[in-house]
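Below you'll find the structure, written out as structure tokens, and then a few comments.
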Amino acid sequence: MVDDTVSTRLIAALKDEDAAVRRNAAWALGNHKEAGAVESLIELLDDGDLSVRAGAAWALGNIAKDGNADASAGRPLVSLLSEDDPTVRRNAAWALGYMSKAGVRETDAVDPLILLLDDSDPAVRRNAAWALGHLKEARAIEPLSAALTDEDPNVKRNAAWAISWIPLSEAEGES
């Protein structure tokens, strides 16, 4: 965490007219795990610049890594899963995984994340599988098992890892 003056200035920089300043301020707040910036970062998820949206999603995920997940970030992050830009989708999936790991399970994310297992970008598929493992929803077992045949070895690794965290007894009950 940075001191209050720096934190206040970084949060103010999230409103700068220059997209690169907004993006870099988001990254700085995420790197320093500034939980007090979460509300301002959530607002950036609607920014007109895709690099700012991607940076804000990443920052929210990085803050959530330390258990500072905010449930109000869930739905805006889920909406980013359908963005055109793969970096935005990848970072949103990653952030939702860390939010879930911190105890904020956004179950509305499960179906969009399942769809991302078929994304054209392997990094998006990898993060979607990883996030589904943290969400621990039984309905993800079958799509994750299909991802075990993905051409990208990291997607297969994350799919296998994700399946290991979902109670199979719940999945059997859904059949």
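Give the range 26-41 a look and list any residue that's part of a helix (DSSP H, G or I) and not acidic (Asp, Glu), or say none.
Initial filter on the range 26-41 (part of a helix (DSSP H, G or I)): 26-31, 35-41.
Listed by number, the residues that qualify are Ala26, Trp27, Ala28, Leu29, Gly30, Asn31, Ala35, Gly36, Ala37, Val38, Ser40, Leu41.
If you go through the range 75-125 one residue at a time, how many are closer than 19 Å to Lys33 by Cβ, crowded, with 17+ Cβ neighbours inside 10 Å and among the small types (Gly, Ala, Ser)? Before the answer, list the steps.
Looking only at the range 75-125, we keep the residues that are closer than 19 Å to Lys33 by Cβ, and these are 77, 91-92, 94-104.
Those left that are additionally crowded, with 17+ Cβ neighbours inside 10 Å: 77, 91-92, 94-102, 104.
Among the residues that remain, those that are also among the small types (Gly, Ala, Ser) are: 92, 95, 97, 100, 102.
Matching residues across the range 75-125 total 5.
With respect to Glu17, determine if the residue is on the phi < 0 side of the Ramachandran plot, of a type outside the set (Gly, Ala, Ser) and surrounded by fewer than 14 Cβ atoms within 10 Å (Cβ to Cβ). It would help to see each step written out before you state the result.
Values: on the phi < 0 side of the Ramachandran plot: yes; of a type outside the set (Gly, Ala, Ser): yes; surrounded by fewer than 14 Cβ atoms within 10 Å (Cβ to Cβ): yes.
Yes: the conditions hold for Glu17.
Under 6 Å between Cβ atoms, which residue pairs at least 6 apart in sequence (or on different chains) link something in the range 146-175 that is at pLDDT 95 or above with a partner that is of a type in the set (Asp, Glu)?
Once the first residue is at pLDDT 95 or above and sits in the range 146-175, its partners that are of a type in the set (Asp, Glu) give Lys156/Asp150.
Taking the range 36-49, which residues are crowded, with 17+ Cβ neighbours inside 10 Å and of a type outside the set (D, E, K, R)?
Ala37, Val38, Ser40, Leu41, Ile42, Leu44, Leu45
Here are Ala93, Ala138: which of them is touching an Asp or Glu at 6+ places or on another chain (Cβ under 8 Å) and among the aliphatic types (A, V, I, L, M)?
Details: Ala93 fails: touching an Asp or Glu at 6+ places or on another chain (Cβ under 8 Å).
Within the list Ala93, Ala138, the selection yields Ala138.
Restricting to the range 1-27, give me the number of residues that are under 17 Å from Asn91 (Cβ atoms) and more than 17 Å from the chain's Cα centre (by Cα).
Pass one, the range 1-27, residues under 17 Å from Asn91 (Cβ atoms): 14, 19-20, 22-27.
Restricting the remaining residues to those that are more than 17 Å from the chain's Cα centre (by Cα) gives 14, 19-20, 22, 24-25.
Qualifying residue count, the range 1-27: 6.
What helices (runs of 4 or more DSSP H) completely inside the range 92-175 contain at least 1 residues that are of a type in the set (Asp, Glu) and farther than 29 Å from Leu45 by Cα?
On the way: elements: 110-116, 122-135, 141-147, 153-165, 168-174.
Because the criterion is at least 1 residues that are of a type in the set (Asp, Glu) and farther than 29 Å from Leu45 by Cα, the helices (runs of 4 or more DSSP H) in the range 92-175 that meet it are 141-147, 168-174.
The values are calculated or read from the model by the stated rules, or taken from the named source; none is laboratory data. Because the structure is predicted, anything quoted here is derived from the model rather than measured. Cβ: placed from backbone, ideal geometry, glycine included. Neighbour counts: every protein chain shown.
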